[in-house]
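One structure below.
All of the numbers you see were taken from the coordinates with simple rules; none came from a lab. Predicted model only: the values in this text are computed from it and were never measured. Cβ atoms come from the backbone with ideal geometry, glycine included; neighbour counts cover every protein chain shown.
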Amino acid sequence: MIVRRRREEANGSNRLEAILLAPVSAGDFEVLVQIRITAMRVSLERIGRFDPVRARERLRAGFEPEDTFFIVNAEQKLGFIVFQEREGEMHLDHLYVLPEHQGKGVGALVMRWVLERAALLRLAVRVAALRGSEANRFYQRHGFTLLSQGPFDNHYRLPGPG
């Protein structure tokens, strides 16, 4: 799947124009773990919950290669996304962008694709974000509303069309 966007910044530089969502295989699990740990480390350390073993176990518990895609640009892995349809809604289970690629429009480009896909399928979208992480503002900017708060996560939902 290819996701495209063209945008010229005020300073004349161009932001990311295209990314590829590339399928993963079971053999990619260790790479996914490293991306997750790297992307989440600062947020988890901030709340005293950084534990690489737990991060690996949580990812392993729900790992389904067919629902998981690398976010790629120019053959470089920028992060990954996990989404699936469950209970009549699209669940965005993971969206991780490596820190060096954050703030460059990667997450927004992927989110736009997710929301367009959900709209075509006429599905609401659900996502959870670690309390206190920057991801909360990201999801709110994309129209998600807070449904509930757990001990560690905020749960959001964006209604489907109609």
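Computed values, structure above
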item	result
Theoretical gain in end-to-end length, Arg122 to Leu20 [0.36 nm per residue, Cα-Cα removed]	34.4 nm
In segment 71-146, trypsin sites (Lys or Arg not before Pro) in a DSSP loop with at most 10 other beta-carbon atoms within 10 Å	Arg122
Debye intensity ratio I(q)/I(0), log10, the chain, q values 0.13, 0.20 Å⁻¹ (C-alpha model)	-0.63, -1.53
Zone of Asp153's modelled label, taken as backbone nitrogen in segment 66-93 under 12 Å from a point 7 Å along Cα→Cβ	91-93
Simple spin-label estimate for Arg131 and Glu57 in nanometres, 7 Å along Cα-Cβ	2.1 nm
For the chain, with +1 on Lys and Arg beta carbons and -1 on Asp and Glu, the positive-most of Ile81, Leu32, Ala119 along the dipole	Ala119
Residue exposure sequence - Ile37, Ile81 - by fewest surrounding Cβ within 10 Å	Ile37, Ile81
Nearest-20 debye value, the chain charge dipole, Cβ charges on Lys, Arg, Asp, Glu	480 debye
